[in-house]
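As structure tokens, the structure follows; a few thoughts come after it.
Values quoted throughout were computed directly from the atomic coordinates according to the rules given, and no laboratory measurement underlies them. Model, not experiment: these values are computed from the prediction. Cβ placement follows ideal geometry from the backbone for every residue including glycine, while neighbour counts extend to all protein chains displayed.
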């Protein structure tokens with residue numbers, strides 16, 4: 001299941017993802033109507049209860065290096081300025097087609113941050129390094145925080 | 001460009017025998033193959049991962065060619081280490097797989113039973129239970145890991161392994177299982193191969209892995225669904241099981257052709273290797289005017305894998321009762337097949353940067 005943060009709750013993006021992704025696509029407000037999205041202290045509990053879900057947000061500030069990964073879910077932070085659904089969709093697609101992220105069992109437990117050309121990931125916020133994959137070349141490297 | 005540092009789980013020093021006149025890139029140059037131990041006593045396991053340091057326990061039957069199969073259990077890696085600490089106090093020399101090995105971003109697992117050799121490339125955290133683990137050596141591109149898995153699972157890899165065992169039999173019959181010394185010598189490519197030759201082997205190996213993942217994800221979803229053809233109801237699951245099987249065979253055939261070229265095996269050498277387990281002459285230094293690979297014909301371009309059956313590229317006629325409900329279910333299943341078809345035909349990552357810290361700093 002893909003769960004979109006409130007800041008990605010746009011009709012066009014939900015439509016594009018639903019057409020492509022072979023699983024449920026929901027928004028956090030749909031899943032928990034009283035949720036305040038990113039500011040909701042219970043958000044991680046919602047994710048915990050939806051095993052193997054992937055939570056997608058534009059708010060990297062609240063999540064990247066601030067939360068640990070958990071094997072019950074994956075968090076994908078899109079570090080993009082643009083609000084265009086097309087660009088967000090193609091970035092999400094690029095991430096989810098990469099071998100490290102394309103199956104629930106290998107991506108669950110990861111916190112991923114994606115920009116236009118690459119995605120970085122870690123498991124624990126205390127990890128001293130993170131891995132990076134460049135979409136175009138497929139090069140994977142490890143870099144210090 | 002990110003600073004490249006020594007990658008977690010990349011193993012040992014760079015290793016090359018090029019300077020020694022070796023004409024082949026061998027497994028030992030690409031992977032550090034190791035066998036460490038499971039704990040002496042059981043650790044608690046769960047059917048799913050629950051903590052961030054949980055790893056998948058891989059038994060022999062879980063490791064199949066190109067894939068992980070069957071039910072797997074998860075255990076806490078810190079719990080495994082704790083049991084080893086206690087054990088160490090009792091004087092054992094056995095060692096566990098370390099965190100950097102279990103949680104390396106990519107690794108190759110090898111089943112201990114060696115007939116046939118079975119290898120799979122994995123991304124998630126795994127603990128091979130009495131099985132071997134291969135970690136990419138620093139500086140080795142990821143595509144060589146794909147090629148290594150392709151060779152190890154191929155008839156050529158099996159034949160080289162047996163030929164090396166035959167020419168240099170183990171001194172003792174025990175321990176049983178996969179002999180790392182023979183695995184290490186298996187060639188994955190001749191030196192001086194064209195980059196495109198390795199690319200194609202890696203792409204086909206990636207296709208094979210993705211096809212297995214696709215089959216595992218899709219076939220259970222097709223269970224119980226029927227298609228009506230000329231008044232008969234056919235099982236969707238069986239139709240697609242057959243379709244996947246055809247694709248596996250087609251990719252394996254192409255992979256064999258590409259591997260033969262990458263390994264530089266001429267017709268006679270191939271025959272001798274496969275039938276008599278005789279190491280090819282090209283294993284030693286050049287003895288002929290033309291190398292066997294000089295005579296190999298060019299290979300045609302690799303066609304895309306087609307998972308979806310032609311008839312399912314247009315709307316489907318559904319059999320059985322509850323037609324409307326079934327149609328929605330089938331549409332979803334076909335969407336899943338289409339999704340995986342796109343993945344199977346996508347290109348795998350090309351490089352895994354594994355330079356050491358000092359090297360990266362001066363680059």
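Highest-first packing order for the peptide set B:204-213, B:83-92 is B:204-213, B:83-92, based on the mean count of other beta carbon atoms within 10 Å. Summarising the overall dimensions of region B:163-203 from its C-alpha atoms, the Rg and Dmax are 14.8, 42 angstrom. Reported value for region A:66-118: 80 Å³ per residue, from the convex hull of its C-alpha atoms. With a 10 Å cut-off around each Cβ of B:119-132, the average count of Cβ atoms from other chains is 2. Sorted into 10 angstrom bins from 0, the C-alpha pair distances of region B:72-121 split as 20, 39, 34, 7 percent.
Mind jotting down the distance between the C-alpha centroids of region B:48-93 and region A:69-118, whole Å? Here the two parts' Cα centres lie 28 Å apart.
Report note on the peptides A:101-110, B:302-311: ranked by the mean count of other C-beta atoms within 10 Å, highest first, their order is A:101-110, B:302-311.
Taking N as the residue count of region B:147-251, its C-alpha radius of gyration divided by 2.2 N^0.38 Å amounts to 1.55. P(r) for region B:18-362, from all Cα pairs and a bin width of 20 Å, is 26, 51, 21, 1 %, short bins first.
For region B:130-199, the Kirkwood estimate of hydrodynamic radius, built from reciprocal distances between every pair of different alpha carbons, is 13.6 Å.
For the pair residue B:78 and residue B:172, the difference between a 0.36 nm per residue extended length and the Cα-Cα distance amounts to 30.3 nm.
Counting only DSSP beta bridges whose two residues both lie in chain A, roughly 50 percent are antiparallel. The mean number of partner chain beta-carbon atoms within 10 angstrom of a residue's beta-carbon across peptide A:98-105 is 6. Compactness of chain A was expressed as the Cα radius of gyration divided by 2.2 N^0.38 Å, which yields 0.96. For peptide B:203-215, the mean count of partner chain Cβ atoms within 10 Å of a residue's Cβ comes to 1.
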